[in-house]
Amino acid sequence: MIGNIKILVHQGMQSIPDITNAEIPGPFRGTPVITSEKVDERALVELCPTGAILSSPMRIDLGNCTFCGECAFAFPDKIRFTKDYKMATNDRSRLIVAEGKAQPIMLDPDLIKREISQFFKGSLKLRQVSAGGDNSCELELNACGNVNFDMGRFGIEFVASPRHADGIVITGPLTESMATPLQNCYDAVPDPKIIILVGTDAISGGIFAGSLALNRSFLDNHKVDLYVPGNPVHPLTFINGVLELIKERKNNLAEHRIST
Amino acid sequence: MVPPATIQNNSTIHLKEIPVVGYEDFLETNVNLIGDETHHCVNYFGFHYQNKIKLICCIANDQDAIVLISSAELEPGSIQGLPSFTARHLSFQLFERELHESLGLTYNDHPWLKPVRYAFNRVDQNASIENYPFYKIKSEELHEVGVGPIHAGIIEPGHFRFICNGEQILHLEIQLGYQHRGVEALFLSRKKLLQRTTLAESISGDTVAGHTTAFVNLWESLCGYPADQDLKFARTVALELERIAIHTGDLSAICTDIGYQLGSAVFGRLRTPVINFFQEWCGNRLAKGLIRAGHNHFNFSRDLANRLEKLFDDYERDFDEIWGEFHTLPTVLGRLEKTGVVSRELAASIGTVGMTARASVIMRDIRATHAYGLYDLFSPITIVKHHGDVYSRTRLRHDEIIQSMVYLRKIIRKVPSEPKVRVSLSGPKPESFGISLTEGWRGEICHCAVTDEKGELLHYKVKDPSMHNWLALAMAVRNNEISDFPICNKSFDLSYCGHDL
């Protein structure tokens, strides 16, 4: 017992105090900035392993990007990844970052269902479904609940049963074999409910896009409430994205997020 | 009989150098080899080749640091009713089930010829994951418990079917395949090296360093490219850091499963600085983007070396303190000791690898037996435990974390500098076979590749250590309480996606 108390004292407070303004150490690859520098566009497009780079005008689709950073190494004057980890949005088209002026990625308040902030702002219980996920996003979602990120302090938690959940969080490129279990799990969540796609694989299929082992038809039939890009997602990207989704908004007016 | 070809880890030979023998001889040769305890099967697979089915079997000789490669070719009309390797040695069971599923080979004496992963390109398209043929017992005394594919925690999907007598597990059958993404087929259809490297990083996202190292070592070997010291250095450091990080996270998860909250919190938070170190080094907490064939974007600077030393000092202090408490608590030991036992005999017959093997006194560690990277600098010592229970697998993690820190402390003071001129990679050699073995944190990873006459990939085979070890979990829980299943499962911590590919 005394040993346990000693450890508690030695460990002290471990959580990140300000989760919305925390800084990630080292060369994090977050929201990219694309300059209007003239480069060999074909070579740049050709370089990307997942076809996330689109030309004329140059754009990067973060829903398809593996964040390997190879484009920035090859064309450092053209592409630079910033340390802005707030990349989650509810509008798929906002994940496409265009050449020119750098803009933070935000949610579109008009697309958020009214009941989300009404019911979930102080408490959101989520059921996670890995549908072909490689266990990297899963590890990071687990990390969201550890003592460092401590997502539970905002009332956001992962629960064991879909019947206790307010929504599902999907990782992985959505395999054929998981199509039925995923649908069953979603059906078991009581209304109102949300869907969050976590990681590049879930959003677009990533490096697995087009594989014959996938079945992404679930996404054709359901509206996604939040896209969280990353490979894997950083816990700060996920937590901040979810907080933005469930927070109370006055007058439904577009708000300007403080960019980091 | 023609003896098998002999090659070393991370080397490539011409396809013609692999003797092609009749199936009966092929079977005899490999089964006899594996009868010797210093040998084990690291990969056995088949593919369509010149209108035939070519089988390649790779048996590692752990004493002499060589791998013995033999092959057989079957006419499409002669793949039914073959005598199985499995009837002679159980460790071939999953490889032959895979051959059955993907190429349609059938065996007259395979005891368990069931689907492996319901691959999209399986021969029997009528077989469906929803109709898996589970083992049944007719008894009114017994009951079945089905768990999954979706589990209570944030983990990957897989289905566990228990047959229980009251609270006691009599039998567990593990049905996988939910994670199948078609990885091996994508290795062939994605032509760019960066795409293939990204695929390797995604085979199992908790073993990024392990699988990517296996891939780049294999690719460099296929291209006849000698990797510079700094590349080997980076890969070795990444592999050992990954081991420390995941082992620490597993200790946290083991604490969670037995309800020891303080251990769960402290081990969990101790993992954070280790993966954050990857973040500082390469911009990704799980090391995606770090390992590349023929080059490296992220130099390991003097500054990083200093920080890693500081990190280890801080880590070790807290780690020793919580471990000291954890492993002396009677309530902890009561849950871990004599739970989920895998005997040495069982572990050997299944052909277990990595941690699972070492926790049951089997000296199986590629770092020591088939050295690569900078491991020859450490003279690696294989740590083994003797009881094969959950406690052995837990204790092994502790000891391996300490050992990895010892290894890394030895080399981080001597960071090799980047060469002034880096030779660039050419293409893979034509009509060649290459093999690469890497000891990931779970155990032995094996990647094999075969190229055609133009040097294009003809076949790519990935073997995650989980392929060998899932059966060990199914056997370990027999006669245990079903409530001990989570702790048994966590003590193995096997990969679903690594198995399903």
Every residue in segment B:386-412 that is surrounded by fewer than 17 Cβ atoms within 10 Å (Cβ to Cβ) and within 27 Å of residue B:220 (Cα to Cα), please. B:410
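Given the condition assigned to a loop (DSSP other than H, G, I, E, B) and in contact with a strand residue (DSSP E or B) (Cβ under 9 Å, 6 or more places away or on another chain), answer yes or no: does some residue in segment B:399-415 qualify?
no
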For residue A:114, the lone unmet condition from (1) charged (D, E, K, R); (2) free of Cβ contacts under 8 Å to residues at least 12 places away in the same chain; (3) more than 30 Å from residue A:36 (Cα to Cα); (4) within 14 Å of chain B (Cβ to nearest Cβ) is (4)
Give the number of residues within segment B:31-41 that are free of Cβ contacts under 8 Å to residues at least 60 places away in the same chain and not aliphatic (A, V, I, L, M). 5
For segment A:120-129, does any single residue satisfy the condition of being more than 8 Å from chain B (Cβ to nearest Cβ), surrounded by fewer than 21 Cβ atoms within 10 Å (Cβ to Cβ) and at pLDDT below 90? yes
How many residues does segment A:34-53 contain that are surrounded by 18 or more Cβ atoms within 10 Å (Cβ to Cβ) and either more than 14 Å from chain B (Cβ to nearest Cβ) or more than 24 Å from residue A:208 (Cα to Cα) (or both)? 1
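Let's see how each residue does on (1) crowded, with 24+ Cβ neighbours inside 10 Å; (2) touching a strand residue (DSSP E or B) at 6+ places or on another chain (Cβ under 7 Å); (3) within 11 Å of chain A (Cβ to nearest Cβ); (4) in a helix (DSSP H, G or I):
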| position | (1), (2), (3), (4) |
| --- | --- |
| B:154 | yes, yes, yes, no |
| B:157 | yes, yes, yes, no |
| B:160 | no, yes, no, no |
| B:171 | no, yes, no, no |
| B:174 | no, yes, no, no |
| B:185 | no, no, yes, yes |
Any residue in segment B:58-81 that is of a type in the set (Asp, Glu) and over 22 Å from the mean Cα position of the chain (by Cα)? yes
Based on what the data block shows, is residue B:128 of a type in the set (Gly, Ala, Ser) and without any contact (Cβ under 8 Å) to a residue 24 or more places away in the chain? yes
Which numbered condition in (1) more than 7 Å from every other protein chain (Cβ to nearest Cβ); (2) among the small types (Gly, Ala, Ser); (3) crowded, with 24+ Cβ neighbours inside 10 Å is the only one that residue B:139 fails? (3)
Assess whether residue B:236 counts as being crowded, with 21+ Cβ neighbours inside 10 Å and either within 14 Å of another protein chain (Cβ to nearest Cβ) or of a type in the set (Phe, Trp, Tyr) (or both). no
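Tell me yes or no: at least one residue of segment B:466-476 is within 14 Å of chain A (Cβ to nearest Cβ) and closer than 18 Å to residue B:116 by Cα.
Yes: one or more hits.
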Return the pair list, or none, for Cβ contacts closer than 8 Å from residues in segment A:163-181 that are without any contact (Cβ under 8 Å) to a residue 40 or more places away in the chain to residues that are in a strand (DSSP E or B), at least 6 apart or on different chains. A:164/A:125; A:164/A:127; A:176/A:214
Within segment A:3-15, the count of residues that are facing chain B (nearest Cβ under 10 Å) and among the aliphatic types (A, V, I, L, M) comes to 3
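The values are calculated or read from the model by the stated rules, or taken from the named source; none is laboratory data. No experiment lies behind these values; they were computed from the predicted model shown. Cβ sites come from the backbone with ideal geometry, for glycine too, and all protein chains shown count toward neighbours.
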